[in-house]
Every structure is written in structure tokens, then in C-alpha cells.
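Presented below is the structure to which this report refers.
The values are calculated or read from the model by the stated rules, or taken from the named source; none is laboratory data. For clarity, every value in this text was computed on a predicted model and none was experimentally measured. Positions of Cβ are generated from backbone atoms using ideal geometry, with glycine treated the same way; all protein chains shown enter the neighbour counts.
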Amino acid sequence: MSAHSQPQPTLYEQLEALPKGLTGEILNGQLYTQPRPSGPHGLAGSVLGMRLGPPFQFGENGPGGWWIIDEPELHFIGNTEVDVPDLAGWRRSRLPRIPKDHRYQVVPDWVCEVLSPSTESKDRQVKMPIYAHFRVAYAWLIDPRAHTLEAYALEGDAWREIGRFAGGARVSLVPFEAVTINLDDLWALT
């Protein structure tokens, strides 16, 4: 090593150094970045969180017993495999307390990705296999452009499609079957 060589930053150090407005993830040893979400993307994720929070996080007209978190930084392997789903949920029996810092090291019970043109292939082809590998039990994919929700359950090492719903369908899906969600609420219909 020459006197002028600087040690290269780790992928996690590069992730932490990203400029404001970029979200970073380390997936299969590669750093991915994306800008903040569009309005319809943000609305779909926010509304879903608002629909799930009262009955599942707070027990209002629902069973309670969950944490529902927007964009948690999942550390499947320390600072090496770092995923940021749009939403994630944990049963409190598995995650009794929220971590003091931003690193969630307990695998969530459910994740939701809101698809966009710039992230759809990564969400489907890179992140879904990672979620299966680390044993996330349920995954939902929401597409605010197509007005669709796809729901999956992990069976063995593979995803099994639970259902595909569109438009203004009213759905009650595991693991949140205790409530009905009107999908029209997720779309920025003007």
C-alpha cells in the first residue's frame, strides 16, 4: 500500500454517506440507491400504513400486537445485507421493543414494497428472493400505476401467490385478515 492510498469505504459507509433525498440498500453485496418516492408511491404506502396501524399496532377495532413501520432499515446480516422495504410489520411477540437506533435486526413477519418504474425489477427479482431467503413470512407488492396489490406467503423456500387484486377491490389478506382494506383508498384518484 503506497503512502498516498486511502482505505476504501465499506459499502455501509458508502450507504451512510449518501446525500439527503437518496435511499440506499445493500442487496446481495451491491449498493443500490433510489430517489425519494413519487406522490402516488408515497400515498399508497402511507395510506396502507394508516389502515393497518390502528387495528394492528394500537388494537383499535382489531387484534393489536404488531409494529407497523415505514421504511425500516432491515439488517439481515449486520451492515452487510441491508434492505429498506416501504413498509414492514413485526408481531410484538417476536420484536418486543423497537431498536434504539435505526437498525432492525429481527426479520419482519411481513413486508410491503410499493412498485415504481425505477424499482419494480429490483423489488421483484432481487428483494423478493432475499426476503424468502431470510424467511419473511408474507410479502405484498403494490403498484399504484396499475392499481394492483399482489399478496404472497412463504411456503418452504418459495413464494406462493395468495391473491392478485385490482382497482377498488375490498381485501382481507393474511396476516391482516382481521380488517378489510378498500384498495381505492391507496390510489391517487383525481
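Inspect segment 105-113 for any residue being surrounded by fewer than 17 Cβ atoms within 10 Å (Cβ to Cβ) and either of a type in the set (Gly, Ala, Ser) or in contact with a Lys or Arg (Cβ under 9 Å, 6 or more places away or on another chain) (or both) and give the result as yes or no.
Applying the first criterion (surrounded by fewer than 17 Cβ atoms within 10 Å (Cβ to Cβ)) to segment 105-113 yields 105-106.
When the remaining residues are screened for being either of a type in the set (Gly, Ala, Ser) or in contact with a Lys or Arg (Cβ under 9 Å, 6 or more places away or on another chain) (or both), the result is 106.
The answer is yes, given that some residue of segment 105-113 is surrounded by fewer than 17 Cβ atoms within 10 Å (Cβ to Cβ) and either of a type in the set (Gly, Ala, Ser) or in contact with a Lys or Arg (Cβ under 9 Å, 6 or more places away or on another chain) (or both).
Determine the pairs where a residue that is under 24 Å from Pro9 (Cα atoms) and in contact (Cβ under 8 Å) with a residue 12 or more places away in the chain, located within segment 29-44, has a partner that is assigned to a helix (DSSP H, G or I) and of a type outside the set (S, T, N, Q) with Cβ atoms under 6 Å apart, the partner being 6 or more residues away or on another chain.
Every condition considered, the pairs that remain are Leu31/Leu11.
Is it fair to say Glu71 is touching a His at 6+ places or on another chain (Cβ under 8 Å) and in contact (Cβ under 8 Å) with a residue 24 or more places away in the chain? Before you say what the answer is, go through the steps one by one.
Values: touching a His at 6+ places or on another chain (Cβ under 8 Å): no; in contact (Cβ under 8 Å) with a residue 24 or more places away in the chain: yes.
So Glu71 fails the test.
Criterion first (modelled with pLDDT under 95 and within 26 Å of Pro96 (Cβ to Cβ)) does Asn28 satisfy it? Break it down into steps so the answer makes sense when it comes.
On the way: modelled with pLDDT under 95: yes; within 26 Å of Pro96 (Cβ to Cβ): no.
Criteria not met by Asn28.
Please determine whether any residue of segment 70-81 is more than 25 Å from Val179 (Cα to Cα), modelled with pLDDT of 95 or more and either in contact with a helix residue (DSSP H, G or I) (Cβ under 6 Å, 6 or more places away or on another chain) or small (Gly, Ala, Ser) (or both).
Checked segment 70-81: no residue is more than 25 Å from Val179 (Cα to Cα), modelled with pLDDT of 95 or more and either in contact with a helix residue (DSSP H, G or I) (Cβ under 6 Å, 6 or more places away or on another chain) or small (Gly, Ala, Ser) (or both).
Before we move on, is Ala158 of a type in the set (Gly, Ala, Ser) and surrounded by 12 or more Cβ atoms within 10 Å (Cβ to Cβ)? I'd like the intermediate steps shown before the answer.
Working: of a type in the set (Gly, Ala, Ser): yes; surrounded by 12 or more Cβ atoms within 10 Å (Cβ to Cβ): no.
Considered against the rule, which asks whether it is of a type in the set (Gly, Ala, Ser) and surrounded by 12 or more Cβ atoms within 10 Å (Cβ to Cβ), Ala158 comes out as no.
Which of (1) in contact (Cβ under 8 Å) with a residue 60 or more places away in the chain; (2) in a strand (DSSP E or B); (3) closer than 15 Å to Leu48 by Cα is the odd one out, the single condition Val179 does not satisfy?
(2)
Residues being within 16 Å of the chain's Cα centre (by Cα) and in a helix (DSSP H, G or I): count how many of those fall in segment 41-66. Can you show your working first?
Just the residues of segment 41-66 that are within 16 Å of the chain's Cα centre (by Cα), to begin with: 41-53, 66.
With in a helix (DSSP H, G or I) added as a condition, the list becomes 41-53.
Counting residues in segment 41-66 that are within 16 Å of the chain's Cα centre (by Cα) and in a helix (DSSP H, G or I) gives 13.
Does segment 19-37 hold any residues that are buried (at least 16 other Cβ atoms within 10 Å of the Cβ) and either more than 16 Å from the chain's Cα centre (by Cα) or of a type outside the set (Gly, Ala, Ser) (or both), and which are they? It would help to see each step written out before you state the result.
Within segment 19-37, the first condition is being buried (at least 16 other Cβ atoms within 10 Å of the Cβ), and the residues that meet it are 23-27, 32, 37.
Thr23, Glu25, Ile26, Leu27, Tyr32, Pro37, listed by residue number.
Looking at segment 132-180 only, could you name the residues that are acidic (Asp, Glu) and closer than 26 Å to Val106 by Cα?
From segment 132-180, those acidic (Asp, Glu) are 143, 150, 155, 157, 161, 177; that's our starting set.
Result: Glu150, Glu155, Asp157, Glu161, Glu177.
Out of Glu113, Glu150, I need the residue that is modelled with pLDDT of 95 or more, in a strand (DSSP E or B), within 14 Å of the chain's Cα centre (by Cα) and within 21 Å of Asn28 (Cβ to Cβ). Which one?
On the way: Glu150 fails: within 21 Å of Asn28 (Cβ to Cβ).
Among Glu113, Glu150, only Glu113 is modelled with pLDDT of 95 or more, in a strand (DSSP E or B), within 14 Å of the chain's Cα centre (by Cα) and within 21 Å of Asn28 (Cβ to Cβ).
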